[in-house]
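Take a look at the structure below.
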Amino acid sequence: MSARVLIVDDDRQIVRLLQSYLEHAGMIVFTAFDGEEAMHVIRRERPDCVVLDLMMPKRSGWDVTRWVRGDEHLAATPILMLTARVEDTDKLVGLELGADDYITKPFNPQEVVARVRAILRRARWSAQTPQAVYQIGGLRLNDHEHTVSLDGRPLDLTPTEFALLRAMMANPNYAFTRSELIERALGYDYEGLERTIDSHIKNLRRKIEPDPANPTYIETVVGVGYRLRAAPNSANGEPDARGIGAPL
């Protein structure tokens, strides 16, 4: 089945260009030219991916991302942000709100197609693999159902956050460099992504850590990157006896 992609940008020339390239790649494309229209299309069409400009009339890309991530029925929708602003703070704000990836204008439309395909592969990967359940402490990830819970409470993760967490839970106590984590979890690399991994990890910690400032699960390895360690699961601080990330 063809992927359904929504392009949102107030620049109609950019929309037409991206629509042409994405349709040529075999995707079904919807369009919107401001944030409010985008919200209506997302609610009505439930696209598989949203290519979303940051700076738009009525509602900004930040507003739309915040709205999508706050809706339990839409929260898993992958978002690729487009931005003409080169400041790292703008990109980081978008990622911290839950965007899966970003690309800066001007861009090569073929790169946008490649990014969309990569995001869609990550979002669909779990449905194409055998069931595997990982558990560390109170953190449980079901790869087949594409669900994560903490102490029995379901968590809403973006596709990128899910992919990063799955990679770390499948390789507990392994110290990933940022580039290794990108390759293992996301399957592709591009200039600048290593800088944004920190934002995705920060978002994950907000969702899974009792105290994000003093993480129990995702540990920073100074000079290297990150690792997921076995979390205490009892009052005496012993690690969970069910294992440290092997499939159950």
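Table for the structure above
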item: Radius ratio Rg over Rh of region 131-226, counting only Cα atoms, Kirkwood formula for Rh; result: 0.93
item: Footprinting exposure proxy for TRP62, TRP67 (fewest neighbouring C-beta atoms within 10 Å first); result: TRP67, TRP62
item: Modelled label reach - GLU72, point 7 Å along Cα→Cβ, region 142-159 residues with backbone N closer than 20 Å; result: 142, 145-159
item: Whether region 2-124 is rounded, prolate or oblate, judged on the alpha carbon gyration tensor where a/c under 1.5 counts as rounded; result: rounded
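Where a number appears in this text, it was derived from the coordinates with a stated rule and is not lab data. Everything numeric here is computed off the predicted structure, so don't read it as measured data. Because the Cβ atoms are built from the backbone with ideal geometry, glycine has one as well, and the counts that use them run over all protein chains shown.
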